[in-house]
1. Could you please find all residues in the stretch 230-245 being closer than 17 Å to residue 270 by Cβ, within 15 Å of the ligand (Cβ to nearest atom) and out of contact with any strand residue (DSSP E or B) (no Cβ under 7 Å at 6 or more places or on another chain)?
2. Got at least one residue in the stretch 169-190 being away from the ligand (no atom under 12 Å from the Cβ), more than 24 Å from residue 258 (Cβ to Cβ) and touching a residue at least 40 places away in the same chain (Cβ under 8 Å)?
3. Looking at residue 15 and the list (1) in contact (Cβ under 8 Å) with a residue 60 or more places away in the chain; (2) assigned to a loop (DSSP other than H, G, I, E, B); (3) closer than 16 Å to residue 251 by Cα; (4) within 16 Å of the ligand (Cβ to nearest atom), which single condition is not satisfied?
4. I want to confirm something. Restricting to the stretch 322-336 and keeping residues that are within 15 Å of the ligand (Cβ to nearest atom) and crowded, with 17+ Cβ neighbours inside 10 Å, which single residue is farthest from residue 223 (Cα to Cα)?
5. Scan the stretch 246-260 and tell me whether some residue there is under 30 Å from residue 119 (Cα atoms), near the ligand (Cβ under 9 Å from one of its atoms) and crowded, with 19+ Cβ neighbours inside 10 Å.
6. Evaluate the following for residue 48: is it within 15 Å of the ligand (Cβ to nearest atom) and more than 25 Å from residue 3 (Cα to Cα)?
7. Would you please name the residue that is farthest from residue 137 (Cα to Cα), looking only at residues in the stretch 278-317 that are in contact with a helix residue (DSSP H, G or I) (Cβ under 8 Å, 6 or more places away or on another chain) and in a strand (DSSP E or B)?
8. Pairs only if they're at least six apart or on different chains, beta carbon under 8 angstrom, first in the stretch 217-228 and within 8 Å of the ligand (Cβ to nearest atom), second in a helix (DSSP H, G or I) and at pLDDT below 95; list them, first residue then second.
Ligand SMILES: NC(=O)c1ccc[n+]([C@@H]2O[C@H](COP(=O)([O-])OP(=O)(O)OC[C@H]3O[C@@H](n4cnc5c(N)ncnc54)[C@H](OP(=O)(O)O)[C@@H]3O)[C@@H](O)[C@H]2O)c1
């Protein structure tokens, strides 16, 4: 008898934070692979703030998840059966497999993992899309140079923690912004930032002015909202602001833009959006460099792993929006 595949499908488009009624749990038989296909038993899911945006109708950088479809998610797992010449049973792989226990793939967008270098889950963290996002945003859009003062929001999170570490490797002075004293301690002690500011403690502008008296050369923005506005008041001439994400706005009906954007004029600064997928043809070069730093102990990958079956997906996603994670949020599918 073939095993059962448990899945999470989008049942309704949320307004505000997703609710239980926005999801549907389904199950079906795991199919046999056809010629040119293989089946993956998914072990871990990448839990991303962007998932909230994929639930909305309307134009974006990627098509919305259709109502009734399996929720989109990156994941890692092991090939269990293959009729594909490039993949064999036992291979550990990454792909966009969806919120389900098994996925059938034709190999497009799937990469094999080098498990001699790192644990498979690291390929959802610093050696995965997370690391690639930090790498290209900071180096290609931020164009950091030694001596720059770099500020990173969401600094204890997946992308932010890697971005700050790369900025340190590149000889910058790096200030993180994170929620709460515990996260701020981790940002400095574990990820090696020069300083961390707790935005929940209030008076972020004053703290920024104290820590970046010469102004902020590069701001790596993961959160938008009030924090973006605070940093805008402290930018240096010619500053580069990287719009990587705006997690504070993802559950808002109306996204609030920056009130202090005229500071871009005053400082002759730029604000640029970036999307990691645009760099797909340069992933190998970035992966080689990230892997080198990881191997040399210069890059720490921290993963925040929640254990549960696919049914734990809805509440695990919500944890991102109240800051429960430190490092890359991952759901391990080991308690069906
Ligand atoms: N452009 C791209 O290609 C690309 C690719 C991947 C990710 N991203 C973006 O990068 C950003 C970070 O993603 P991630 O996967 O690394 O997530 P993450 O930072 O690990 O998790 C989200 C974190 O955001 C913070 N947060 C949540 N609500 C907030 C609020 N209202 N105000 C301020 N901070 C809030 C929380 O940290 P605190 O406890 O510190 O508040 C939370 O831990 C997101 O905006 C994501 O969409 C962009």
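1. The answer is none; no residue qualifies.
2. Applying the first criterion (away from the ligand (no atom under 12 Å from the Cβ)) to the stretch 169-190 yields 169-175, 185, 188-190.
Within this subset, residues satisfying the condition of being more than 24 Å from residue 258 (Cβ to Cβ) are 169-171, 185, 188-190.
Now restrict to residues that are touching a residue at least 40 places away in the same chain (Cβ under 8 Å): 169, 190.
Yes, the stretch 169-190 contains a residue that is away from the ligand (no atom under 12 Å from the Cβ), more than 24 Å from residue 258 (Cβ to Cβ) and touching a residue at least 40 places away in the same chain (Cβ under 8 Å).
3. (4)
4. Within the stretch 322-336, the first condition is being within 15 Å of the ligand (Cβ to nearest atom), and the residues that meet it are 322-331.
Checking the rest, the ones that are also crowded, with 17+ Cβ neighbours inside 10 Å come to 325-331.
Values: 325: 15, 326: 15, 327: 15, 328: 16, 329: 16, 330: 20, 331: 22 Å.
Ranking the candidates gives 331 first.
5. Of the stretch 246-260, the ones under 30 Å from residue 119 (Cα atoms) are 246-247.
This time we only want the ones that are near the ligand (Cβ under 9 Å from one of its atoms), so: 246-247.
In the following step, the residues that additionally are crowded, with 19+ Cβ neighbours inside 10 Å were identified as 246-247.
The answer is yes, given that some residue of the stretch 246-260 is under 30 Å from residue 119 (Cα atoms), near the ligand (Cβ under 9 Å from one of its atoms) and crowded, with 19+ Cβ neighbours inside 10 Å.
6. Numbers: within 15 Å of the ligand (Cβ to nearest atom): yes; more than 25 Å from residue 3 (Cα to Cα): yes.
The answer is yes for residue 48.
7. By that ranking, first place goes to 308.
8. No pair meets every condition.
The values are calculated or read from the model by the stated rules, or taken from the named source; none is laboratory data. None of the values given here were measured: they were computed from a predicted structure. We place every Cβ from the backbone using ideal geometry, glycine too, and count neighbours over all the protein chains shown.
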